1. Where in region 34-52 does the label zone of Glu111 land, with the point 7 angstrom along Cα→C-beta and an amide N cut-off under 12 Å?
2. With all protein chains present, calculate the accessible area of Tyr55 using a 1.4 Å probe and round the result to the nearest 10 Å².
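The values are calculated or read from the model by the stated rules, or taken from the named source; none is laboratory data. Small disclaimer: the values here were computed from a predicted structure and weren't measured. Using ideal geometry, Cβ is built from the backbone for each residue, glycine included, and neighbour counts are taken over all protein chains shown. These area figures cover heavy atoms from the full protein model, side chains too; ligands, DNA and RNA do not enter into them. Shrake-Rupley method; radii C 1.70, N 1.55, O 1.52, S 1.80 Å.
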Amino acid sequence: MGQERENIDSGKRSERSVRLDSLEEAFARYGIPSGNRALIQGIHDAVGAAGLVGYSDYFRIERRGGGPALEVHRSYTNGFRSEQDAKKSASDAPRWPSRRLHGSWGVDHPELGQPAAPAPKKRAAPVRRPSVPERPAAICPTCFLELPATGVCAACGD
């Protein structure tokens, strides 16, 4: 389940980052469901957070003393160094190996949360059909390639 969301949310590394002052600011800015906040607070405290950095649709918890930052999305957190790291930091939350962050693990949050509403889709222009149906292309009887408009096969000359 988490892996599917991970693939959908995966990364825009060219986006601008913003330093966040507190976990409460991150919760408000990223619309973290209230049912996920206690788990994320526990993860934040367990890894010894050194700072928070926000991106367009997720934020990172930077670890004190180095190590990979954790990416916190509405419905999952990714970037634990191992399954044991995920278990220690997120206790009983469902864990899964990350496909995007090679060698790392992620955990699902208890409340899925709804992403921001997507922008309305533009209506596609109607497909115009030709008023006269196209003739099927002529085929060379010798090499079975489509004949050009000249009627002479470019491959065999027939």
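1. The answer is 34-40, whose backbone nitrogens lie closer than 12 Å to the label point.
2. Roll a 1.4 Å probe over it and Tyr55 shows about 50 Å².
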